Amino acid sequence: PEAALVLRGGERLRMSSQTGAFISNFGGLFVLDSEVIGWNDAAAQPAAFAGKEKFRPYIVSWSGSETYLAGSRFAHLGFADAKAYGVTFST
């Protein structure tokens with residue numbers, strides 16, 4: 001709960017769909033003027049939608065966490081599973 005992830009100033013985070021990447025935030029998440037995208041390592045391109053049950057990376061922030069998302073791009077994230085819809089805020 002006391003950890004923080006900070007992306008700022010044009011950083012790009014590629015989250016791999018093949019390795020099951022996701023961010024579960026209990027502390028602090030700050031994404032400012034940056035980019036977070038789901039990534040297909042095998043094809044070296046964004047993780048395109050291939051059906052609602054096909055895993056793609058996601059971000060979930062839990063109650064009590066601090067989440068600041070500003071001036072940023074979020075793309076190719078999420079799939080149809082509980083709390084895995086792309087960017088989710090949950091209690």
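The values are calculated or read from the model by the stated rules, or taken from the named source; none is laboratory data. As the structure is a prediction and not an experimental result, all values here were calculated from the model. Methodologically, a virtual Cβ is constructed for each residue, glycine included, from the backbone with ideal geometry; neighbour enumeration extends over all protein chains shown. In case anyone asks, the SASA skips ligands and DNA or RNA and just uses the protein heavy atoms, side chains included. Shrake-Rupley method; radii C 1.70, N 1.55, O 1.52, S 1.80 Å.
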>> If I ignore ligands, DNA and RNA and count only protein heavy atoms, how much of T67 is accessible to a 1.4 Å probe, in Å² to the nearest 10?
In response: 40
>> 5 Å is the cut-off here: which amide hydrogens, built 1.01 Å from N in the peptide plane, fall below it relative to L77, excluding neighbours closer than 5 in sequence?
In response: G38
> What list of ³J(HN,Hα) couplings, whole Hz, do you get for segment 13-19 from phi and the Karplus terms 6.51, -1.76, 1.60, once you set θ to phi - 60° and write x for glycine and proline?
Replying inline: 10, 9, 9, 6, 6, 6, 9
> In segment 1-77, what % of DSSP beta bridges are antiparallel (nearest 5)?
Replying inline: 10
> So, by mean Cβ neighbours within 10 angstrom, what's the order for 43-54, 7-18, 22-33 with the highest one leading?
Replying inline: 22-33, 7-18, 43-54
> Does anything in segment 1-43 have its amide N under 17 Å from the 7 Å Cα→Cβ label point of D81, and if so which residues?
Replying inline: 15-25, 38-41
> So what are the three principal axis dimensions of the chain from its Cα atoms, in whole Å, longest to shortest?
Replying inline: 34, 30, 20
>> Can you compute the FRET efficiency between Q18 and E66 using 1/(1 + (r/R0)^6), with r the Cβ-Cβ distance and R0 = 35 Å? Round to the nearest 0.05.
In response: 0.70
>> Under 5 Å between amide hydrogens, which residues at least 5 positions from S72 or on another chain qualify, with H placed 1.01 Å from N in the peptide plane?
In response: D33, S34
> With the dipole of the chain worked out from charges on the C-beta (+1 for Lys and Arg, -1 for Asp and Glu) around the Cα centre, which of A82, W39, A50 lies farthest toward the positive end?
Replying inline: A50
> How high is the FRET efficiency between E2 and T88 when r is their beta carbon distance and R₀ equals 30 Å, given to the nearest 0.05?
Replying inline: 0.90
